[in-house]
Amino acid sequence: MRRLGGKRAKAKQPVQLHLPVVAVTGSAGKTTTKEMIASILSTQFTIYKSRGNRNYLGNLKAHAQQIGPEHQVAVLEYGLLYKGDLTRHCRIIQPGYAVITNIGSAHVGNVGSDIRALAMAKSELIRAMDPKGKVFLNVDCSYSREFTQQPFRGRFQGEFFTIGIKHQADYQASGLKREGDGIRFHCSIDGERFPFFVPVRGEHNVSNALLAIAVSHQLGVPVSGIEKGLRQFQPQNRRLTP
């Protein structure tokens with residue numbers, strides 16, 4: 001660490017916030033998942049959410065200044081271009097709830113064209129978040145599935161929660177059926193199956209909805225509120241359209 005004036009420079013500490021912070025990252029579906037989470041949580045809480053897909057470090061610094069005492073939960077999108085970006089995000093605002101939507105090829109060229117290296121870069125969110133927090137993973141993604149078995153050097157002592165359609169998960173979808181411009185499905189919550197409707201098409205959006213259901217449930221939103229918030233979800237412009 002660089003010394004200034006003969007003294008060791010202190011590492012900058014994250015902004016201390018008074019509320020739960022949900023951070024969403026992943027190769028695809030970040031903004032959609034973030035908006036679904038926000039739609040559900042807004043049925044119970046006064047929330048702060050990042051606008052659109054503004055998910056880079058400069059945006060996060062602005063969010064740190066805009067989150068106020070009236071907000072009860074913050075839902076933020078954390079973007080990654082290069083290795084170390086998610087660690088830097090957590091040094092600005094350290095989340096207690098971390099969502100990794102999936103690991104794909106987006107930005108893989110920035111980490112040596114190695115998807116495993118990209119997966120490790122995504123896992124920085126787990127390594128740098130609140131060590132007693134909660135992590136939400138899509139086990140239909142093979143790389144995300146491996147995260148549940150990673151020791152993360154013993155630092156992370158929190159909980160993993162999984163979602164899935166094809167693989168067994170804590171929050172698992174079944175009975176997917178297209179209905180109009182959306183999809184109806186059931187989700188298992190605490191061993192009981194509940195019906196939900198997401199007003200967008202595509203199986204990938206059921207995965208996004210499952211992540212939103214899982215986060216909201218862990219934040220104490222009742223099933224009725226989750227169903228209402230998911231049904232009221234509105235896709236962002238230029239996203240999720242045919």
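The values are calculated or read from the model by the stated rules, or taken from the named source; none is laboratory data. Worth saying up front: this structure is predicted, and the values here are computed from it rather than measured. Heads up, the Cβs are rebuilt from the backbone with ideal geometry, glycines too, and the neighbour counts pull from every protein chain shown. Side chains included, ligands, DNA and RNA excluded: accessible areas come from the protein's heavy atoms. Shrake-Rupley method; radii C 1.70, N 1.55, O 1.52, S 1.80 Å.
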* Output yes when any residue across region 188-195 is β-branched (Val, Ile, Thr) and within 19 Å of Ile40 (Cβ to Cβ), and no when none is. => yes
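Which one is surrounded by the fewest Cβ atoms within 10 Å (Cβ to Cβ), of the residues in region 185-201 that are assigned to a loop (DSSP other than H, G, I, E, B) and under 21 Å from the mean Cα position of the chain (by Cα)?
That would be Asp190.
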* Name the helices (runs of 4 or more DSSP H) wholly inside region 97-172 in which the number of residues that are surrounded by fewer than 20 Cβ atoms within 10 Å (Cβ to Cβ), modelled with pLDDT under 85 and of a type in the set (Ser, Thr, Tyr) is 2 or more. => none
* Quick check: is even one residue across region 70-78 at pLDDT 95 or above, within 29 Å of Val198 (Cα to Cα) and part of a helix (DSSP H, G or I)? -> no
* To do: Residues being in contact with a Gly (Cβ under 6 Å, 6 or more places away or on another chain) and over 11 Å from Met36 (Cβ atoms): count how many of those fall in region 190-210.
  => 1
* Structure fact -> Residue hits (region 19-68; in a helix (DSSP H, G or I), over 21 Å from Lys122 (Cβ atoms) and open to solvent by less than 50 Å² (accessible area, probe 1.4 Å)) are Ala38, Ser39, Ile40, Leu41, Ala62, Ala64
* Examine region 220-233 for a residue that is in contact with an Asp or Glu (Cβ under 6 Å, 6 or more places away or on another chain) and of a type in the set (D, E, K, R), and state whether such a residue exists. => no
